[in-house]
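Below is one structure, written out as structure tokens; the observations come after it.
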Amino acid sequence: MNMIGRRKIWYALSLLILIPGLISLMLRGLNLGIDFTGGSKLELHFEHAVTVEQVRTVLDNANIGKTEVQLAEGNNVIVRTHPLDQSQRNQLLESMKGQVGELSIRSDQTIGPTIGQELARNALLALLLAAIGMVAYISYRFEFKFAVAAIVALFHDILVVAGLFSIFYIEVDSTFVAAILTVFGYSINDTIVIFDRIRENLRKKKKDEPMDALVNRSVTETMTRSIITVLMVIFVLVALLFWGGASTRVFNLAMLIGVISGAYSSIFNASPIWYDLKQIEKAQRRAKMKAA
Amino acid sequence: MNARKTLQLVALILVVAVAAALSYGPIKQNAKLGLDLQGGLYVVLQAEETPDRKVTKEEMQQVQAIMEQRINGLGVAEPRIQLEGTNRLLIELAGIQDPDKAVDLIGKTAVLTFRTTDGKTVIEGKDLKEAKEALEPGSKTAIVQMTLNSEGAKKFADVTRANVGKPIGIYLDQDLLQNPTVTEPITGGQARITGYGSLEDARRIALLLNSGALPVKMDMVEKQTVGPTLGAESLDKSETAAIIGIGLIFAFMFLYYRVPGFVAIISLILYSVIVVGILTWLHATWTLPGIAGFLLSLGVAVDANVIIYERLKDELRHGKTLRTAIEDGFHRAFTTILDSNVTTLISVVVLYSLGTGPIRGFAITLGIGIVVSMFTAISFTRLLLRSAGGSGILNNKKLYGA
């Protein structure tokens, strides 16, 4: 497989997703849920069918500022508001019961605004620490250039996930952070397996085999494994996504996108980037020799 | 056919099957479900602080002691009440029937009162200066040493004078903490309460007494309740998803790799028994993210097998015998598995150390999974493959996918 020769195509394919994602991230960012912004979210189950208007009317009369209503299957309604204290919440539930109908609470969440800021800060710190740890380990076991290529591929995956979530404006919660960090830890796995093969093939390299052929061979040799492994994870994630219930949908969707992107970037980006870094090094060395 | 190796193969499979069957019951019985799977309440309390008034560790421990005292009365099987950082207290009450009542209870400010037998409040929290546990110098028994402020001392002198021989109840909110009997009038503002089993008991009471004297205002910065219906639904759906996900992996492995695929399935079952066993032994709580973490770790575990088998196929294609191919395949796959798993572990460790609550649970599950998977893939799978390869009944190379 000619991975290196066509690398400009692979880079272009990545940019095709990355650039719209980045633009969307810059223009409107992510659709942050109450885990980040603070607020209350009530999921109510009504005994009889209800309409958005009925719920809307109660909310408008409750005088609690901006609210959002969303109908879900099975007479369930999701209501989002600013952070409500216990008495505001109880009052709201009472008027819902009185004016809309008998209900039970499926879930109820209130988060203060400070928690969300911490969550975002911790997530960024975690990404940074994980990246440093990985660069250190890969530099120690392989070489610095492998580490750089691997990390670039990882940030590629994260940006693909965040970009797509921004473009489709899917609401993100705290599990999104966990998903991003897991993608970070998970897709490095694929990259390392390929790099490991390059390292091994470099050791017993024949004199007449050019570098691009060696990289192509290494990627091809590990291709079956790369595909099977990502398939296994996709099996699990698809099962979780379709049968696993709504509470972890954001997590599973982010993981699924990230894992697929991770498989792609491991095969089509990481090794070509490493190859390019190697070429740059070679060119520099040649230039230096000429100067001397 | 090699009888010894065949016997070994059959024995290994039987051992795994028996282990899985025997552990199923105890694990299912001892598995603790998080509030997202059985319903319940999760609350984060944060002390109100200003730049020049920081809460102390002592004060946070007092708050914790008060919450424990209050929640004890609610009848929750295993409440989790723990301090986090310098100014937060996490409370998790999985399976609680009436979360609203608990929220009201948790949100109250502590009221400490001393009451006489006729129910009259005679001393309040603000009259108390300090309470401290101590060992009585001569007898080494645990006591609580109570110091009242000047106004409190005056009141206390009057009360004790009027109640010699009678008990004075010490109440936190509506709970009777202590009912010590007055032996003599106490005029100096210094009182001793005796009759504790240990210094630990005395300390708990001292903390609670202080809480009445030193209330820290706690804000509820996060609250989450999950109804029992949603919890049961989530549990049900996770089980379905797990069965489908695992079923797909097993089916694929068997169809694609045949004999080694079957070996992988056996070693994945052993893997699951070990991981779930360790989690049960650690009293870990199963949550939705935890289940997702476990299923994803199955992906990692199966990957180790895939790496080994792809190597094995390579070696067989190079014309090696089955036996050397198995040995060389394992040998070469080892560094690959090690390097790829260590990098993943790095991010798991970071996730654990910076995450909270459910994210931590996810990281623990995934982390344990990765470590165990290295063990089962490298040692157990090898043992099984050696017996399968050596048994003589399964040595057609086609059966190994080559």
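Below, the figures for the structure above:
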{"item": "Subset of the range A:199-211 [part of a helix (DSSP H, G or I) and either at pLDDT 95 or above or surrounded by fewer than 18 Cβ atoms within 10 Å (Cβ to Cβ) (or both)]", "result": "A:E200, A:N201, A:L202, A:R203, A:M211"}
{"item": "Residue list for the range A:108-123, filter: open to solvent by 60 Å² or more (accessible area, probe 1.4 Å) and either within 22 Å of A:A263 (Cα to Cα) or more than 10 Å from chain B (Cβ to nearest Cβ) (or both)", "result": "A:Q117"}
{"item": "Tally of residues being out of contact with any helix residue (DSSP H, G or I) (no Cβ under 7 Å at 6 or more places or on another chain) and open to solvent by less than 70 Å² (accessible area, probe 1.4 Å) across the range B:192-213", "result": "7"}
{"item": "Residue list for the range B:254-276, restricted to those being within 11 Å of chain A (Cβ to nearest Cβ) and out of contact with any Phe, Trp or Tyr (no Cβ under 8 Å at 6 or more places or on another chain)", "result": "B:Y256"}
{"item": "Test: A:R80 is among the basic types (K, R), open to solvent by 20 Å² or more (accessible area, probe 1.4 Å) and more than 8 Å from every other protein chain (Cβ to nearest Cβ)", "result": "yes"}
{"item": "Hits in the range B:161-189 - residues which are over 15 Å from B:D127 (Cβ atoms), over 44 Å from the mean Cα position of the chain (by Cα) and assigned to a loop (DSSP other than H, G, I, E, B)", "result": "B:N163, B:V164, B:G165, B:K166, B:T183, B:E184, B:P185"}
{"item": "Checking A:I105 against (1) open to solvent by 40 Å² or more (accessible area, probe 1.4 Å); (2) over 23 Å from the mean Cα position of the chain (by Cα); (3) more than 8 Å from chain B (Cβ to nearest Cβ); (4) aliphatic (A, V, I, L, M), the condition it does not meet", "result": "(3)"}
{"item": "Every residue from the range B:123-138 that is part of a strand (DSSP E or B) and surrounded by 18 or more Cβ atoms within 10 Å (Cβ to Cβ)", "result": "B:I123, B:L128, B:A131, B:E133"}
{"item": "Meets criteria (farther than 27 Å from A:A131 by Cβ and at pLDDT 90 or above) for B:L288", "result": "no"}
{"item": "Check on A:L92, crowded, with 17+ Cβ neighbours inside 10 Å, over 30 Å from A:H156 (Cα atoms) and in contact (Cβ under 8 Å) with a residue 12 or more places away in the chain", "result": "yes"}
{"item": "Hey, A:V152 closer than 30 Å to A:N31 by Cβ, within 10 Å of chain B (Cβ to nearest Cβ) and not polar (S, T, N, Q) or not", "result": "no"}
{"item": "Qualifying residues in the range B:290-322 (those that are in a helix (DSSP H, G or I) and basic (K, R)) - the one surrounded by the fewest Cβ atoms within 10 Å (Cβ to Cβ)", "result": "B:R317"}
{"item": "From the options A:L237, A:L231, residue that is open to solvent by 10 Å² or more (accessible area, probe 1.4 Å), in a helix (DSSP H, G or I) and in contact with a helix residue (DSSP H, G or I) (Cβ under 9 Å, 6 or more places away or on another chain)", "result": "A:L231"}
{"item": "Lone unmet requirement of (1) under 22 Å from A:A179 (Cβ atoms); (2) open to solvent by less than 10 Å² (accessible area, probe 1.4 Å) for B:S353", "result": "(2)"}
{"item": "Among (1) open to solvent by less than 50 Å² (accessible area, probe 1.4 Å); (2) at pLDDT below 90; (3) assigned to a helix (DSSP H, G or I) - the single one B:T229 does not satisfy", "result": "(1)"}
{"item": "Conditions (1) more than 9 Å from chain B (Cβ to nearest Cβ); (2) buried (at least 21 other Cβ atoms within 10 Å of the Cβ); (3) farther than 27 Å from A:I78 by Cβ: number failed by A:T220", "result": "(2)"}
{"item": "Where A:S187 falls short, out of the listed (1) under 20 Å from A:P272 (Cα atoms); (2) surrounded by 24 or more Cβ atoms within 10 Å (Cβ to Cβ); (3) at pLDDT 90 or above", "result": "(3)"}
{"item": "Which listed residue, of B:E68, B:E59, is surrounded by fewer than 16 Cβ atoms within 10 Å (Cβ to Cβ), charged (D, E, K, R) and either touching a residue at least 24 places away in the same chain (Cβ under 8 Å) or not in a strand (DSSP E or B) (or both)", "result": "B:E68"}
{"item": "Leading residue by the ranking (surrounded by the most Cβ atoms within 10 Å (Cβ to Cβ)) among those in the range B:250-275 that are closer than 17 Å to B:R386 by Cβ and hydroxyl-bearing (S, T, Y)", "result": "B:S267"}
{"item": "Matching residues, the range B:323-339, being surrounded by fewer than 24 Cβ atoms within 10 Å (Cβ to Cβ), in contact with an Asp or Glu (Cβ under 9 Å, 6 or more places away or on another chain) and at the interface with chain A (Cβ under 10 Å from one of its Cβ atoms)", "result": "B:R332, B:T335, B:D339"}
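Residues are listed down the side, and each one gets a yes or a no for (1) of a type in the set (F, W, Y); (2) crowded, with 17+ Cβ neighbours inside 10 Å; (3) away from every other protein chain (no Cβ under 14 Å):
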| position | (1), (2), (3) |
| --- | --- |
| A:N61 | no, no, yes |
| A:G65 | no, no, yes |
| A:S87 | no, no, no |
| A:M96 | no, yes, yes |
| A:L125 | no, no, no |
| A:S139 | no, no, no |
| A:A147 | no, yes, no |
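Each row is one residue, and each column tells you yes or no for (1) more than 8 Å from chain B (Cβ to nearest Cβ); (2) in contact (Cβ under 8 Å) with a residue 60 or more places away in the chain.
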{"residue": "A:H156", "(1), (2)": "yes, yes"}
{"residue": "A:A162", "(1), (2)": "yes, yes"}
{"residue": "A:S166", "(1), (2)": "yes, yes"}
{"residue": "A:I198", "(1), (2)": "yes, yes"}
{"residue": "A:N201", "(1), (2)": "yes, no"}
{"residue": "A:D212", "(1), (2)": "yes, yes"}
{"residue": "A:F235", "(1), (2)": "no, no"}
{"residue": "A:R249", "(1), (2)": "yes, no"}
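Yes/no matrix, rows are residues, columns are (1) in contact (Cβ under 8 Å) with a residue 60 or more places away in the chain; (2) more than 22 Å from B:I368 (Cα to Cα); (3) within 14 Å of chain A (Cβ to nearest Cβ):
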site: B:D236; (1), (2), (3): no, yes, yes
site: B:A242; (1), (2), (3): no, no, yes
site: B:I278; (1), (2), (3): yes, no, no
site: B:L288; (1), (2), (3): yes, no, yes
site: B:V300; (1), (2), (3): yes, no, yes
site: B:L312; (1), (2), (3): yes, yes, yes
site: B:E315; (1), (2), (3): no, yes, yes
site: B:K320; (1), (2), (3): no, yes, no
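Quick grid of which residues meet (1) surrounded by fewer than 15 Cβ atoms within 10 Å (Cβ to Cβ); (2) closer than 30 Å to B:Q190 by Cβ:
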{"site": "B:V76", "(1), (2)": "no, no"}
{"site": "B:V111", "(1), (2)": "no, yes"}
{"site": "B:T116", "(1), (2)": "no, yes"}
{"site": "B:K140", "(1), (2)": "yes, yes"}
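The values are calculated or read from the model by the stated rules, or taken from the named source; none is laboratory data. Because the structure is a prediction, the values reported are computed rather than measured. Positions of Cβ are generated from backbone atoms using ideal geometry, with glycine treated the same way; all protein chains shown enter the neighbour counts. Just the protein is used for accessible areas: all its heavy atoms, side chains included, with ligands, DNA and RNA removed. Shrake-Rupley method; radii C 1.70, N 1.55, O 1.52, S 1.80 Å.
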